[in-house]
Amino acid sequence: MSEENKVRQYFFVIRELTAREVKRKYARSYLGILWSVLNPLLSMAVMSMIFSTVFKRNIENFPIYYLTGSIFWNLFTGATNAAMTSLVDNKSMLVKVKLPMEIFPLSRCFTAMTNFGYSLVAYVVMLLIFRISFTPCMLLVFLYAGMLFLFSLGVGYWLSVIYAVFGDIKHLYSILLTLLMYASALFYPVESTSEAMQEVIVRNPVYNYIACARKCVLDAALPDANQWARLFVWSIGMFLAGKFCFDKLGNRVLQKI
């Protein structure tokens, strides 16, 4: 089989695996994929009722502020949590079918990206409701999402290998995600925290993607040079590190699962 045909076959497999994951997620739901649109809206409504009065003076357009952070956070957590169990969940296919192992965490990350796309429908509706003017700068949201996808895929590669030999990582990772969530300023202004905490938040890679998205949507502004540098370093660096680890340990992991 030629390389071109292999690539086509692999893309077909990724597409089918992604479709399967989306269908399985909403298999017992009457509303199905519509939940990907409703979920961020309902979450935003709850958080707005709770925190909008608290941070009213600090955050303009709080619902959009929160929703921007929420859809990016859900992309990251959805991709990494799903990628973590991808090898173990597809053990039978790994044994029976000759496919590159990286296809499985990759398809899980594509599923998260698909859900992110559905969430954007709700996001655009809210932008219209709150009369946020469209600017060309907003198109950078797709770039930031793509960079976060790369970062999440790198993390997913690491997690999928570790989970195959150490199942408890799933519980430890949930605790880490809780810490990361509170250090991502999803529902509060960074300026309301201490200087030490602000330093922690700025060094949180996930926050950088969220902050840049908010900046282009709410302020119609571009990231500064330092922010651009952090985005590229985290995205490319984590992807390459995760892929290197996956390639080195993948065959050993296959013997463990």
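The values are calculated or read from the model by the stated rules, or taken from the named source; none is laboratory data. Remember, it's a predicted structure, so these values are computed and weren't measured experimentally. Please note: Cβ atoms are built from the backbone with ideal geometry, for glycine as well, and neighbour counts cover all protein chains shown. Protein only, heavy atoms only, side chains kept; ligands, DNA and RNA dropped before computing areas. Shrake-Rupley method; radii C 1.70, N 1.55, O 1.52, S 1.80 Å.
Within region 179-193, how many residues are free of Cβ contacts under 8 Å to residues at least 60 places away in the same chain and open to solvent by less than 70 Å² (accessible area, probe 1.4 Å)?
Within region 179-193, the subset free of Cβ contacts under 8 Å to residues at least 60 places away in the same chain is 179-180, 182-183, 190, 193.
Subset that is open to solvent by less than 70 Å² (accessible area, probe 1.4 Å): 180, 183, 190, 193.
Total meeting the criteria: 4.
All but one of (1) surrounded by 13 or more Cβ atoms within 10 Å (Cβ to Cβ); (2) within 22 Å of the chain's Cα centre (by Cα); (3) in contact (Cβ under 8 Å) with a residue 60 or more places away in the chain hold for ALA220; which doesn't?
Among (1) surrounded by 13 or more Cβ atoms within 10 Å (Cβ to Cβ); (2) within 22 Å of the chain's Cα centre (by Cα); (3) in contact (Cβ under 8 Å) with a residue 60 or more places away in the chain, the lone unmet condition for ALA220 is (2).
If you go through region 96-136, how many residues are of a type outside the set (S, T, N, Q), crowded, with 16+ Cβ neighbours inside 10 Å and either touching a residue at least 40 places away in the same chain (Cβ under 8 Å) or farther than 18 Å from PHE149 by Cβ (or both)?
Of the residues in region 96-136, 19 are of a type outside the set (S, T, N, Q), crowded, with 16+ Cβ neighbours inside 10 Å and either touching a residue at least 40 places away in the same chain (Cβ under 8 Å) or farther than 18 Å from PHE149 by Cβ (or both).
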